[in-house]
Each structure stands twice: as structure tokens, then as C-alpha cells.
Amino acid sequence: MSAPAAIPLGTLLAPRVLATRNAFRRRPLRAWALAFLTGAFWVGSFLLFAHTLRFFQTITALGPVLTQRLLVMLFVSFFAILVISNVVTALTTYYLSPDVRFLLAAPVTRRRIHVARFIETLGASSWMVLLFGFPVFLAYGTVFHAGPLYYGAVIATLIPFLIIPAALGVMLTTVLVLAFPARRMRDVLVVASVALVAVGYLALRLARPERLASPSELAGFAAFLAAFEAPASPYLPTTWAANVLLPFLGAKTAEPLFHFALLASTAAVLAIGCTAFVERVFLTAWSCAQEGREGPGRERRLGHWLGRIASPMPHTTALLFVKDATIFFRDASQWSQLLLLLALVVVYVYNFSALPIDDGSPLAGTLREIVAFANLGLAAFVTASVAVRFVFPAISLEGRSWWALRTAPIPLASIWWGKFWLGFLPLAVLGELLIVVTGRLLSVAPGLTAVFMATLLLVVAAIVSLGLAFGAAYPRVDTQNAAQIATGFGGLIYMVTCLGLITAVIALEAWPVSRIFWSRFASQPINGGETAAIAISFSAVTALTMTAWALGRRSALKSLKHLHV
Amino acid sequence: MIQCIALRKQYGELVAVHDLDVEIEPGEVFGFLGPNGAGKTTTIRMMVGLLEPSGGQVLLGGHDLATKPEAAKALLGYVPDQPFLYDKLTAKEFLRFIGGLYRVDRQDIADRSVDLLEEFGLVDRAEELIETFSHGMKQRLALAAALIHRPRILILDEPMVGMDPQGALALRQLLGGLSASGVTIFLSTHSLGVAEELCDRIGILDHGRMVAQGTLAELRLRASEFPELSGSEDSLESVFLSLTGTEGRRA
């Protein structure tokens, strides 16, 4: 009997391709929005890089060195991101994706499965680098007036340059899966990748890249780059990739063909080695990946600890708190978001501490209070950004287990209150802390800080209520990943609604707050009519936020009543 | 104990359940049969409060599910067809949570959990995360959760699916015992053998309509009205095929 014909690769890749196509077809608006954002990002990145490269050209002695080092640095960064991204992606595509079992049961050779999954991993891991790299390479080509050969060389270089980290990532993942339980591995990788994003964000923010727009700061960057020892070892693919492109830019004399041969042959050897290795151990590694039993001790301790915290709460709220908090701390995709939150708060407080408004003059004092008022809006915005990650997904995360709550003898209102307090308490603490800490940094008068704190409390209540309303109206029960839930259409319009609410609150409080400022700055006492107007403004803020809260609650309860999972 | 009065569910033009009338006495085991897509799960979802009916009423222990949902649900234990549970909780934590929702005393939850986990063969996995459980184990845990508050009514949607023969046998024995102690059981199943063995009465749903309900003897009598379809066999399978017209459709 002859062996069956090999399944075409197109067949194996079709589910992913078709799913992506269908997602875009079903949501054309989203596709256009993405295209627009990508275009804007490309234009922005292109202009920034072109500006930087042109500046380098003006430094006659150091120009070529700087150009070369920047390119090597970019390739090193791309390579590091690619290796990590491939490791994370390969864990899912090779070992955790539920469709692998169908492939293993089907008459498909392991080599075929590997090749299909390798392409999928490569694509999923590399598109971000391609997206970011496109304007960078274009900027290099434009500034150095490169010919068509340069653009051909970019494409030829990127192919092996992307294959190398993919092969390394897949092999590394396979070794890790063979050595550790996959579920634990996934948690570690999820946390590592979120931590990486948080650290990257912190580094980017604290480095203040906007300074590069000013010539003096750009000169500082050039000095830094000149002093920076970029890892340019002749044995690294990043050096080879840079050495392929630099001669076409006239920035360095090198042997582009020789370096391309190094790059391509390394990619080929690694791809073949990866295929041979994975083909040999795939079934064993996949079997290992299906095991993931947890030790019993930790679970018991966590439940006990949370139960003690929840003991003063009302019965249903305490039950929901313990359940949701237990799930939160056991699900790496949820608690790792706290790292991003921490980075956000650090950057926020840092930005205020770095404000150049403290020259001791009376005007500086008022300026500080104006900034503090703007800070109310910013703190509310930060709270809304956090709410979209933690409150908005609260309903979706009940997911297909919703039946357990819905068939229990507890009113929907109790479930709502449970979720509300769980969102409101931590967010209120966060928001108030931001107001108090930044208020102290800006030396704002205690009375005004109290006004801002009271306003923020009302805004947070409304934001949480709206989060539950939009979360219930746009549930995504197909995923257990909170970060993914927040990126949907519902999350977007929730953020837009929050922005509208915050803007309205700021607009309503702008006049009374400015009047209080002026009464202090210009010693103009507030008369009776103005006092009444100020009271009306603050009452309007209370009415607006409480209306948003009540509407959100009503809408959430209505959606929950009709939520069929 | 369970009453469905003119229960109806409509999705636009499509009527999934047509004015269903069912009355089940305390301690009775009612088997709910029907081909795929007949509307069994939709009916059950309306009976447990997961789906709002387009019309009609559901009374559990005399409490209207629409107007007194908490009182009605307090009597109820429900096991869905797909046992989606909280993956990141352990079996014991899940039982504690569900027991809490039904306001069972903490000590009672602890004692009941041990008994139920023992009964369903999960006691040595009590402290493990549910995500590590097989489908059958999740099904057994969902059953244990449905029983934690000693319900007077048990509604089960395809409880045998995914269970091993030992588990299925234990469940049949358990349902027999519960029924004997006065628990009313509404059981949706594809297993005609189970229905034949356990059920006092059987209802057959087809295209959202209750085409027949009664004891097995009554159903046989009803099926005999279609001799060209039922043939000489008098098993429940033959009766089912006759009443749902499956034989006719195949022919």
C-alpha cells in the first residue's frame, strides 16, 4: 500500500488565514481604524528617524559611525524582541493550541505539522517587527538616497533575519516544555512578556524620546550613541544584517554578499536543525505539555487568606470577592496586568515630579494649582484606563460559568454590587493616592485637594458602573484573557464614554476652581452670587456622575438579565 | 413540584419552544427526550432561569420563577449539558462558593463537600485546580455542586455525557435514591435505556412541541397509533422513533 499524499501546507495554514480574513470582514470599521493607526504610526516613525539620521549626517566626523551604530542597535533590539516573541508564540502554536490534537490524529506527518506551525509562529511573532521596521528602513533609504538594490537587500536580509530567532525560539520552547510543565511555563512567559512591556514602557518614558525633536537634546543623544558600545561582534546575525545593508547606504565598506551568505546559511542550518529536532521530540513534548497539575498547598493558603480579608463584607459580596480574587491571583494573564499598572503609576508620578514649575513665585503657586486641576482629569483618565483592564472584563470573565451564578438564588443586583465594590474600592484607593501624592508634589492647598478627592470619588463610582454596563453589553466569553477582552469594540466605546464624562466634569468644575484660585492669588473675595454659582457647579458634577452611575447600573442589570452564555 | 404553563421561546420568526405544558409531582423522575435541536436545552434553560421565556410561566415548588426567582431557585439544583466551571478554583473551593450562594452553613458545606466528593470519587482531587480535570470529572463535580444545598428539585441536562460506565451507574443509583427521598428530578437524556430504567414519566419533544408525555406504557399505546412506523417492537427506542417521525424521515 502506498503512503498517502502529503497534505498541502495551504490546508494546514488555512484555519488561521481564514479566521484572520473573517475577523476583518466582520469588522470592517476596525480594519480601517487599524489601517489608519498603522499609517499614522508609519508616518510618525518615518519622520522621527529621518530627522535623526539627517542630523547625524551633519556631524561630519562621527556621522557614519552613528548611522552604523544606530542600525546595529535596531537589529539587536529587533532580534531580542523576536526571540522572546517566538518563544511565547511557539508555546501556544505548538503545545497549547487545542487544534494540535486534531493534527496529531490526522494523517499528517510531524514534519508537515512542524513546518505549518513554524510558519504560523514566524508570522505571528514577526509582524510587529516588520511593522516597526518598515518606516525605519525607508527612512535610511530616503536619507541616504539609496537605490533599488538597497530595498532588495532589505527584503533579502529580513527573510533569514526573521527565520533565525524563530528557529531558536521554537527549539528553546520545546526544550523548556520537555523540562517544565507547560501551564507553569505559560504563566512564567506571560508574566515575563508583560514585565518586558512594563519595563520597556518605563525605559521609553523615563528616557523622554520627545527630547529628540529638539536639536540640543538630539546632540546629547548622538554623544550617547557615540559612546555606546553596541554589541557588534562579527559572530552575531545582527552584525551580519547591518553589514549587508550599510554598504548600500554608503555608510560603511563591507562585503554585503559575504555577510548575506553568513546570514542565509545560518538561517538554513537552524531551520533544518529545528525541523529535525522538533520532528524527533514533538510527540513527547506535546504529551508533556498536557500535564500541568498544581500542588495542593498553595491553593489552600490563598483561599484562607482571602476569606479573612472578605469576612467583614456582606455575604454575597464576600463570596464573589473570594472567588474573583482567587481566580485573579491564579491567572497570570490577569495579575500580570498589575505590573503594567505599576509602570503607569511610576511614570505618572515621575512626570509630575519633573514638571519645571517650582521657582517659588506666587504665579508658580497658581500654576501648580492649575496643573493640579488638570491632574484631576488625568487621574480620572488613569483610573478609566485601569478600569478598562480590570472592571470591563469582570462580566466576560464569568464566561461560560455564568450559569452557576445565574441559577443560584441571589438577585442580579447582588451580583452587580459584588462586582461594583470589587472594582470601586481598589480604583478609588488608586485614584485618591494619585491625587494626594501628586498634590503633595505640587504643594496644592489641602482644601482644593479635598475637593479634587471628592470629585474623583464620584467619577470613579461612575466609571466602575459604566465599566460593568459596557462589559455586560459587550461580553466576550470566548476568551479568558482579560487583556484581550479589553481590546474589543466594547472596551473602545467604554473608554470614549469615560473620556466624555471626565471632560464634562472638568468643564463643569473649571470655572469654580479657577474662581477659587483667583480669590487666593489676587485676593478677590468670592461674593454671595459666586458662592451660589460654585455650589451649583459642584452639584451639577454630583448630579452628572450619579446619573452616569445609575444609568450604568440600570443598563448592566438589563444586559445581565439577557446575558445568555 | 415543577410546572411549565404554556412555556414558549421565540427567536424572531423561529419558535424554538411551542407553548409547553408540563407538570411533575414531588419525588417523580421525568425523562425529557427528543432529537438534536428539538428544544430540550432551551426549555431547560428557561426552567432554571438562564433564559427568559417569550411567554408562559415556570413554577418551581409553587414559586413563579419570573416573579420570585430567589425563592424558586433556592429549591433547585441544576447540572448543565456542558459543565463549564471556574478553572482556576479547586474542587473544594468551587463547592464552598456554590454552597455559599445557596446560603448553606459553612460547617455544613465542609461536611457535605467531603461526603459528595467521596461519593463522586473526587476526594483525592479535592485540592486540585478544576482546569486539570477531565470532562467526566467536571461533570461529577457539577453534580456534587448541584446537590450541596440538598435541593428539592434536580434538573439535569444530559448528565451521562462524558461519564465512564462506573460513573453512569453510580449516577443512576444516586438518582434512584434521591427520587425515593422525595427529590423531583427532571432529566434530559439521549440514553433511552436510562430513561426506561429511571423515569416514572417521559416527555418527548420534537421541533419545540411536546409530541407525547406519559408513562412508558402510555407512550407505547400512543405509538401504536402509528403501526407503519413503530413495527412490532415495543421498546422506548421504537416508541421514540415513531413519535418523532425519525423512521418516517429516514424512509
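When the test is whether a residue is under 27 Å from A:P512 (Cβ atoms) and either more than 14 Å from chain B (Cβ to nearest Cβ) or modelled with pLDDT of 75 or more (or both), A:A354 does not pass it.
Across the stretch A:462-481, a minimum of one residue is classified as in a helix (DSSP H, G or I), away from chain B (no Cβ under 14 Å) and surrounded by fewer than 23 Cβ atoms within 10 Å (Cβ to Cβ).
Right, B:G99: assigned to a strand (DSSP E or B) and more than 8 Å from chain A (Cβ to nearest Cβ) or not? Answer is no for this residue. Candidates in the stretch A:312-332 are the residues that are in a helix (DSSP H, G or I) and farther than 17 Å from A:I395 by Cβ; of these, the one that is modelled with the lowest pLDDT is A:A332. The number of residues in the stretch B:84-96 being facing chain A (nearest Cβ under 7 Å), aromatic (F, W, Y) and either touching a Cys at 6+ places or on another chain (Cβ under 9 Å) or crowded, with 22+ Cβ neighbours inside 10 Å (or both) comes to 1. One residue is enough: does the stretch A:507-526 have a residue meeting the conditions in contact with a Lys or Arg (Cβ under 6 Å, 6 or more places away or on another chain), part of a loop (DSSP other than H, G, I, E, B) and farther than 19 Å from A:A379 by Cα? Within the stretch A:507-526, none of the residues are in contact with a Lys or Arg (Cβ under 6 Å, 6 or more places away or on another chain), part of a loop (DSSP other than H, G, I, E, B) and farther than 19 Å from A:A379 by Cα. Criterion applied to A:G10, A:G39 was being closer than 22 Å to A:L74 by Cα, without any contact (Cβ under 8 Å) to a residue 12 or more places away in the chain, exposed (fewer than 11 other Cβ atoms within 10 Å of the Cβ) and not polar (S, T, N, Q), and the one residue passing it is A:G39. Considering each residue of the stretch B:103-123 in turn, none proves to be under 14 Å from B:L85 (Cβ atoms) and within 11 Å of another protein chain (Cβ to nearest Cβ). The sole residue among A:L563, A:L551, A:L544 that is of a type in the set (A, V, I, L, M) and within 14 Å of another protein chain (Cβ to nearest Cβ) is A:L563.
Here B:D64 clears all of (1) in contact with a helix residue (DSSP H, G or I) (Cβ under 9 Å, 6 or more places away or on another chain); (2) crowded, with 23+ Cβ neighbours inside 10 Å; (3) over 27 Å from B:E218 (Cβ atoms) except the condition numbered (2). Do we have B:A66 as within 14 Å of another protein chain (Cβ to nearest Cβ) and not in a strand (DSSP E or B) here? Judged against the criteria, B:A66 is a match. In the stretch A:384-408, of all residues being surrounded by fewer than 20 Cβ atoms within 10 Å (Cβ to Cβ) and on the phi < 0 side of the Ramachandran plot, the one that is nearest to the other protein chains (Cβ to nearest Cβ) corresponds to A:R400.
The values are calculated or read from the model by the stated rules, or taken from the named source; none is laboratory data. Only a predicted model underlies this, so the values are computations on that prediction, with no experimental measurement involved. All Cβ positions, glycine included, derive from the backbone under ideal geometry; neighbour counts span all protein chains shown.
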